[in-house]
Structure formats: structure tokens, C-alpha cells
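Novice: Would you mind keeping the following structure in view while I ask a few things?
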Amino acid sequence: MISRTEAALAFSPRRVAAMMLRYWYLLRASWPRLLDLVYWPTVQMLTWGFLQYYIATNAGFFARAGGTFIGAVLLWDILFRGQLGFSISFLEEMWSRNIGNLMMSPLRPLEFIAALMVMSVVRLSIGAVPVTLLAIAFFGFNLYALGLALVAFFFNLMLTSWAIGIFVSGLILRNGMGAENFAWSIMFFFMPLTCVYYPVTTLPSWLQPVAWMLPPTYVFEGMRSLLIDKVFRPDLMLEALALNVVLFAAGVLAFLALVRSARRNGSLMQTGE
Amino acid sequence: MSAPPPPPIAVERLVKIYKTVAAVDGISFTLVPGSITGLLGGNGAGKTTTIATIMGLVAPTSGRVTVLGAEMPRQRYRVLHRMNFESPYVEVPMRLTVRQNLTVFGMLYGVDDLRGRIAQLGRDLELTELLDRPTGKLSAGQKTRVSLAKSLINSPDVLLLDEPTASLDPDTADWVRGHLARYARDRHATVLLASHNMPEVERLCERVIMMKRGRIEDDDTPARLLARYGRRTLEEVFLDVARRTPQSEAAQ
């Protein structure tokens, strides 16, 4: 039998479960939070879906490229909502002034991160599943028909969203709520560079190498290849995965460094602005 | 012969500097097991930074802090499950019910028989009727009892309290003090209590450490402090220490 000290030192699934339970209690008790998960993805999908429908009936290329806009909207939402789901769960601790309790508890940073990752998938599922069903109902676009490709797209986008969510959470811990805006806006910085709605070749040639440094670029190119040319590109997914491993490790290391820095400058005590 | 157990809290030449300001400036003290010690000082004296450093929330600029033999913050995960704290500057989530909060913190602290422990705390702290109510809907006194329940969920050997009765009415504050005294006695727990409330410190503490501008100005039992300063209450001693200037010391 292991001692309490040994148990405290090991990675603990029970502590991860405790944090998931904490966020589940919060979601369950708050209908505005639940509604918020579905509201924007639905509005986005309907807007872009109707736009695509209009263009497709008036232009030959877009008629051939059926579903690329809606597909891009849904995949972008996985990336954006994945990061937001991670960051908002973290922000809940700052808003409720509970972060001190957690930082002085046996909860380890990697357990905290693990719980936030799982919760981002839970939050995303609550928001995205109804929207994907609406896409079938309104536009006949079935995201699930992408099959195994969708799994590869999803996994790569989630890894990117977690890496960025982890980094942003570290920034907020280190710099206080003044850095909260990063949680809401950082992903939009990547939007033009990751070529969500257009091919990488649309970018100026000097910017294209930058785009290819970002894992989501490979996912969106892969999606267009699948929907327009009907070709699944595993090479793109593997390259995205390799970049994601580097990005995720960098995110975790940055988070740990920012927590250490926060411990040095006392910002874990002051969770205000 | 086995080595004696390490002290519950040992602070050695602790310095904490924020940019250019020394919040704590070379303090040292050691607490004995089962003792209740008061950490007194005005605003900005360094009490909260000292407690945060002991909890591992703040890294020292220099010096050393150990809790139950573990160096903080480097070895904090060896001992955090045996410690806990309460502070008015930190809250438990308000949207969760009292039972949900205690369940989450009980799981984080690895508490066995959590249902039994929550039921017992409910009885001890008169929270049974409130367990299924959202924490945010409770009165200030009830919320303080919930924070206290959270700080006792893991039956800590070391308990740090930062102004545990701030903003409470005299009756509730007295009730909280009584509970803390019983807990420390029954559990043989070591308690460090930062407070501005002199009667509270006089009632609870067998030792008082007085801080001013990040340094320890005095450290003794309440009775000996009263005798040394020729005063009748700790409040008068506190004012003497707070108003003492280098010039007045030189004149004496």
C-alpha cells in the first residue's frame, strides 16, 4: 500500500476527476453558460452556410467545391472553441477567486492542464454536436461523412487549441486579468495565417512559409483536398501532428515557466488586474 | 535512536523582495508541534507574504522555509496534503453548493471516506442544513464557516489562517475562534494565525510574533509581551510597536 505522501507525489486521476467535477457542477448549474456554448457556433454556421449556398448557385467553381465553406467554419470552430473551452474553464477559477485555493492544494499543474483539456472537449461537444446536426438539416453537409479524415482533423486541431490555451492560461496567471483578452482574441491572430477559407497559395509568397509553420494550415489544406479533389492527404496530417507535438510541448513548458515566474513575483497572490 | 521529527514550520532568514520593495526582510522563527502562534502587524507588515511563502505560493528571494521537513516551494507536493489555509482574499466557488465544494476539495486533498468527512464537518461547523445550498447564497458568517470547513477537509497537521474572522459579527467570530481552539487541541495541529484582531490573538495564541515593515519586532508569549511593554492589552502593545520610530528607540 502506498503512503499518502507517495500518493500526493504521483499524477492523480482522482485530482483530475475532482477538477472535471468542479466544472461539470458549474455548467450544470448555469443555463447561460450552456446556451453560450451553442449560440455562436450556430450563428456562424448558418451565416457562412447561407453565403456558400448563394455563391454556389452563381459560380461554377464554388458549386464544384460544395461544402468547403461550411466545412471550414465547422473545423475553425473546433480550433477556436477548443481553445476557448480550455481558457474559459481556467478563467472561471480567476473570476471566482479560487485560483489561490487550487495553487495551494496538492493539485499539480499537469493534472490541472489535463482536467482543462478534457473539459474543453466536453464543452466543445455540447456546442458543436448540435451545430453539425443543423448543418445536415439546413445544407445537407454531413461533417461525419468525412470519416477517419475527420478524426485526424479533429485530433490535430484540438492539440493546437490546447497548446495555445495552455500558453494563454500561463500568461493570465503571470500577468493577472489584464491578460484576459488574449483568451478571447489570440486565435483570431492565427485565422488569416492558417488559411481557413482559402488555399495557402493565396498568401504572398513570403508569408507562405509562416503559414506552413502552423499545424491548422495543414488541416484546412487537407480538408479542401478532400472536399474539392476527393483526396485524403495523410502526409499533411502527419506533418501537422509533428508540428503539434512541438507546439504542445512548448505550450506546457511555457506554462510551467510562467507559473514559476508568477511564484517569484507574487502574482499568484494577486489575481486581479 | 531515530531523529526527532522536523518542526511543523521553520523560517530561516527569509527575504522576499518585489522589484525594489522588501515585503519580508530577513525573518526567522520556528513553530513547535501543536502550538497556536499569532502573526501580528499592521497593513504592509509582511504577514500575508510570509504565510503565502510558507504555503509555497510565493518563492523566497533568499532564505529558507520548511514545512514538516519539506522545503517550500521546491518540495511542496510532499506536504501540501497535510496543510491547509483560510483567507478572506481567496474564495470557494460561489455557484457550487457547499457539498459540491467540499467534495471537490476533498478529492483534491485525497480525503478517505469523503461523505463521512463532509457529514462530520457539517455537524461540527453547523453546516448540515446548508450543505445543498449554493455557497454564494449564504450570509458572510455562513460563508466563513464554509471556508473553514474547506480548510479542515483534510484534517491538516499545519493550518494557516489569514484574518479568519475579518468582517464577522462578534458572535460568529467568537464561535469560529472556539472551534479553531478545539481543533488545534484535539488534532494536536500547528496553527499560524495572521490577524489584526488583538482580543482574538490574546484568546487563541500561546505565542505572538509581531512584524513591522517586513521584520520581526518582537516574539514572545502574550503575558511576557504585556509585562515587557508595561501594558494591559495586546492592542496597546501593538500600538507601541507600530508607532515606534528609530528616533524614539534611540531616545529610549
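Each reported figure results from applying straightforward, stated rules to the coordinates on display, with no laboratory input. Because the structure is a prediction, the values reported are computed rather than measured. Note that we place each Cβ from the backbone using ideal geometry, even for glycine, and neighbour counts take in every protein chain shown.
Novice: Quick one: helix A:180-190 against the long Cα principal axis of chain A, what's the angle to the nearest 10°, folded into 0 to 90?
Specialist: 30 degrees
Novice: Filter the trypsin sites (Lys or Arg not before Pro) in segment A:179-273 down to the DSSP loop ones having no more than 13 other Cβ atoms within 10 Å, then list what survives. Before the final figure, lay out each step's value.
Specialist: Details: sites: A:ARG224, A:LYS230, A:ARG260, A:ARG263, A:ARG264; in loops: A:LYS230.
Answer in residue order: A:LYS230.
Novice: Can I ask one more? Take the alpha-carbon centre of segment A:211-238, take the same for segment B:163-214, and report the distance between them in whole Å.
Specialist: Using only Cα atoms, the two centres lie 63 Å from each other.
Novice: Hey, what angle do you get for helix B:98-108 against the long axis of chain B, alpha-carbon based, 0 to 90 degrees rounded to 10?
Specialist: The angle comes out at about 70 degrees.
Novice: Per-residue mean of other chain beta-carbon atoms within 10 angstrom of the beta-carbon, peptide B:55-62? Let's see the in-between values first.
Specialist: Working: counts 6, 4, 8, 8, 8, 2, 1, 0.
The per-residue average across the peptide is 5.
Novice: Rounded, prolate or oblate, given the Cα gyration tensor of segment A:149-213, with a/c below 1.5 counting as rounded?
Specialist: Numbers: a/c = 2.83, a/b = 1.58, b/c = 1.79.
Oblate.
Novice: Working from Cα positions, state the angle (0 to 90°, nearest 10) between the long axis of helix A:215-228 and the longest principal axis of chain A.
Specialist: The two axes meet at around 30 degrees.
Novice: Among DSSP beta bridges whose residues both lie in the protein assembly as shown, state the antiparallel percentage, nearest 5.
Specialist: On the way: 22 of 41 bridges.
Of all bridge pairs located within the protein assembly as shown, approximately 55 percent are antiparallel.
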